[in-house]
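What follows is a set of notes on a single structure, which appears directly below.
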There are 2 protein chains.
Amino acid sequence: MKLQKNHQILIVGLGLLGGSYAEALSKQGYRVTAITLSQEDIDFAVDKGMIAGGAAFVDPTLVGAADLVIFALYPHVFKDWIKENQHLFKSGIVITDVTGVKSCIVDEIQSMLRPDVEFIAAHPMAGRECSGVQNADASIFRGANYVVTPSDKNTDGAVELCEDLGRILGFARISRLAPKEHDEIIAFVSQLTHCIAVALMTCTPAGGEYTNRLEEYTGDSFRDLTRIARLNDEMWSELFQLNKYALLHQMTVFEGELNRMRSMLELDDMDGLREMMRKSTARRALFDKKL
Amino acid sequence: MKLQKNHQILIVGLGLLGGSYAEALSKQGYRVTAITLSQEDIDFAVDKGMIAGGAAFVDPTLVGAADLVIFALYPHVFKDWIKENQHLFKSGIVITDVTGVKSCIVDEIQSMLRPDVEFIAAHPMAGRECSGVQNADASIFRGANYVVTPSDKNTDGAVELCEDLGRILGFARISRLAPKEHDEIIAFVSQLTHCIAVALMTCTPAGGEYTNRLEEYTGDSFRDLTRIARLNDEMWSELFQLNKYALLHQMTVFEGELNRMRSMLELDDMDGLREMMRKSTARRALFDKKL
């Protein structure tokens, strides 16, 4: 099943991601409307040609006209929205999302959803450290990964439609993962890395009087590792909580590896340290090659 | 004291940094020669106009003609070189370095050095994840930090000369730190960050069958945090060992902060997590502003 130019696409939540989706789809001639909290954001998006129209309330006409609805909301907001408004959907449509964790979202939404509407979840691995539709940018999808997370309740048609959406948006790589696998991997590549960046940034390192002047002594390493230390605390704390056990597990795995390094250093095991560094270099070279 | 155009500059160790120094200085009309292990590297550098001439052995004429000698060698090689060859220096010259740790280097070199030659240590916080003179690039100094680390044995004249060198090379920020302070800060901003990147890269995360396919599911976070996971294991293991206690201390500080986050997650302390994230965001915004 492919996305058609005459399909009406509704975006619920016109923030950075929702806005970027809107921009990317509109640029390619798809018909896009939006529902979001702020009328100002609707006006901005209409003005920029990102959407044909929209509303700052749950407009039954807009919802009822949609063939594909893309939810770009905080998880708890998404769940509440479905509870309260799913009766407005046209029969037979597909809804999807951009949420950063999957198992709980997929389970809960699919459990409460009308049987004649299908939810196929996806995770666009793209973003920027700022927020809001004013910062929307369709180019953030270029070179990025898009992961579709079907459950056994999903049909092939909906999965293909969702993958087609990813292609249209311009993602470099479209892949599939079961919701649980997704959550384990995301706990490592995305959530743990944000925990590390934040901890580095909030540390008071020894030599603490320099904490506010680190930019005078830093090289690229600290900059690289803390680039993602600017984050939307409302969104990220919720994502961590929803993926708590997977994240705690990955924290344990990482801390174990760091402690392995620590022991080598304490015991002056230079051979062990060098071997670890060579393994790291080899893996990263492979990673670079494939990117 | 300023670097003069008629000063003869000798670079010992024509690798990535030595070569970049040579290129930057030659471009600005300074007279540069080099001594390094490989004749091929000398030929390459002469060919590219990075140096006027050089040798793949310790040429007494080259050493004896130098007014300023810049050492870009592994720490243990640097110490041995001084032991064996310092008798070749002209009287009254200044020598400097690029070594990534300071206390031990400054102490040891200054203790063994002739009284009529002065060693003023410096740390150019710049580099690339590759090595060799073929990858030398004078532009790596732009926007970067240069830290001079005088001891109480250093004269104002030598310190000023060293800072002048940093300016000529094109560094954005020249600062001074005592060797011990330097080592504490570097343990945090540079060494700990490399430990983290390596540990992330060598981890076998839960969901381990994906370890070799992370590039399919990754976003920018993992890429950012492991960019520096490609490293020269010979150099980095030696730097870690020479700064062992400072590094272990910073590892403890960091692990403590990560564990604070962990506890909040375990106890569902969302307010605590959000506060930590906001603190991180604020600090990073300040850091960005000043860079």
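The values are calculated or read from the model by the stated rules, or taken from the named source; none is laboratory data. These numbers were taken from a predicted model, which means no experiment stands behind them. Here the Cβ positions follow ideal geometry from the backbone for every residue, glycine too, while neighbour counts run over all protein chains shown. Ligands, DNA and RNA are stripped out before the accessible areas are found, and what is left, the full protein with its side chains, is counted by its heavy atoms. Shrake-Rupley method; radii C 1.70, N 1.55, O 1.52, S 1.80 Å.
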- Task: Can you pull the one-decimal nm distance between simple spin-label points at A:LYS290 and B:ALA282, each 7 Å off the Cα toward Cβ?
- Result: 4.1
- Message: Compute the distance from the alpha-carbon center of the stretch A:189-251 to that of the stretch B:248-291, in whole Å.
- Response: 6
- Calculated label separations, B:LYS5, copies of the chain, 7 Å along the beta-carbon direction, nm: 6.6
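Sum up the charges of everything whose Cβ sits under 12 Å from the Cβ of A:ILE11, counting Lys and Arg as +1 and Asp and Glu as -1, but leave A:ILE11 out. Write down the numbers at each step before the final one.
Numbers: positive: A:ARG31; negative: A:GLU23, A:ASP41, A:ASP97.
Here the charged neighbours net out to -2.
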- DSSP loop (so not H, G, I, E, B), at most 14 other Cβ within 10 Å: list which trypsin sites (Lys or Arg not before Pro) in the stretch A:64-118 pass both filters. A:LYS90
- Shortest-first nm distances, B:GLU160 label point to equivalent points in other copies (7 Å, Cα→Cβ): 7.8
- Amide hydrogen neighbours beyond the local backbone of B:ALA34, cut-off 5 Å, H modeled: B:ILE11, B:GLY53, B:GLY54, B:ALA55
- How much FRET efficiency would the formula 1/(1 + (r/R0)^6) give for A:LYS244 and A:GLN134, where r is the Cβ-Cβ distance and R0 is 35 Å, rounded to 0.05? 0.60
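Per residue, how many Å² of accessible area does the stretch A:27-94 show with a 1.4 Å probe? Walk me through the intermediate numbers first.
On the way: 3280 Å² over 68 residues.
I get 48 Å² per residue for the stretch A:27-94.
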- Coil-residue trypsin sites (Lys or Arg not before Pro) of the stretch A:3-54, DSSP, other Cβ within 10 Å capped at 14: A:LYS5
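Below 8 Å, C-alpha to C-alpha, sequence gap of six or more: please give me the relative contact order for the stretch B:72-116 in percent. Don't skip to the answer; put the middle values down first.
Working: 20 pairs, mean separation 25.6, N = 45.
Averaging sequence separation for qualifying contacts and normalising by length gives 57 percent for the stretch B:72-116.
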- Item | Nearest-first distances (nm) between copies at A:ALA178, label 7 Å from Cα via Cβ | 6.0
- Query: What is the gain in length, in nm to one decimal, between A:LYS48 and A:LYS180 on full extension, counting 0.36 nm per residue of separation less the C-alpha to C-alpha distance?
  - Reply: 43.7 nm
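Just to be sure I understand: if you take the accessible area of chain B alone plus chain A alone and subtract the pair, with a 1.4 Å probe, what total do you get in Å², rounded to 100?
Values: alone 15900 and 15890 Å², together 22390 Å².
Counting both chains, the buried surface is close to 9400 Å².
On the protein heavy atoms, probe 1.4 angstrom, tell me the percent of accessible surface of chain A carried by carbon and sulfur.
Working: 5510 of 11200 Å².
Carbon and sulfur: 49 percent of the exposed surface of chain A.
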- Which residue fluctuates the most in chain A, going by a Gaussian network model with Cα springs under 10 Å, if the choices are A:ASP271, A:ASP41, A:ASP80? A:ASP271
- Task: Leaving ligands, DNA and RNA out of it, work out the accessible area of A:HIS194 with a 1.4 Å probe and give it in Å² to the nearest 10.
- Result: 10
- Percent of beta bridges antiparallel (DSSP, the protein assembly as shown, rounded to nearest 5): 20
- Please figure out what share of the DSSP beta bridges in chain B is antiparallel and state it in percent, rounded to the nearest 5. 20
- Message: Using only the heavy atoms of the protein chains and a 1.4 Å probe, how would A:TYR210, A:TYR74 rank by accessible area, largest first?
- Response: A:TYR74, A:TYR210
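So with the 1.4 Å probe, I'd like the accessible area per residue for the stretch A:195-265, rounded to whole Å².
Working: 2210 Å² over 71 residues.
Solvent-accessible surface per residue comes out at 31 Å².
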- Query: Per-residue mean of other chain beta-carbon atoms within 10 angstrom of the beta-carbon, peptide A:125-132?
  - Reply: 2
- Note on the structure: Those chymotrypsin sites (Phe, Trp or Tyr not before Pro) from the stretch B:42-127 that are DSSP loop and have at most 16 other Cβ neighbours within 10 Å turn out to be B:PHE57
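Summing +1 for each Lys or Arg and -1 for each Asp or Glu, what net charge is found among the other residues whose Cβ lies under 10 Å from the Cβ of B:ALA126? Kindly include the intermediate steps, with their values, before the conclusion.
On the way: positive: B:ARG128, B:ARG142; negative: A:ASP220, B:ASP137.
Net of charged neighbours comes to 0.
To the nearest whole percent, what portion of all C-alpha pairs in the protein assembly as shown is separated by more than 44 angstrom? Intermediate results must be reported in sequence, preceding the final value.
Details: 51077 of 169071 pairs.
More than 44 Å apart: 30 percent of the Cα pairs in the protein assembly as shown.
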- Query: How high is the relative contact order of chain B, given as a whole-number percent (alpha carbon pairs under 8 Å, six or more residues apart)?
  - Reply: 16
- Message: Using only DSSP helix segments of four residues or longer, with each worth -39500 (n - 2.57), what per-residue ellipticity at 222 nm results for the protein assembly as shown after dividing by its residue count and rounding to 500?
- Response: -15000 deg cm²/dmol
- Item | Contact order normalised by residue count of the stretch B:72-230, Cα under 8 Å, 6+ apart, percent | 19
- Task: Would you pull out the residues with amide H under 5 Å of A:VAL98's amide H, same chain only if 5 or more places away, H placed 1.01 Å from N?
- Result: A:PHE71, A:LEU73
- Task: Mind jotting down the distance between the C-alpha centroids of the stretch A:1-78 and the stretch B:1-51, whole Å?
- Result: 59
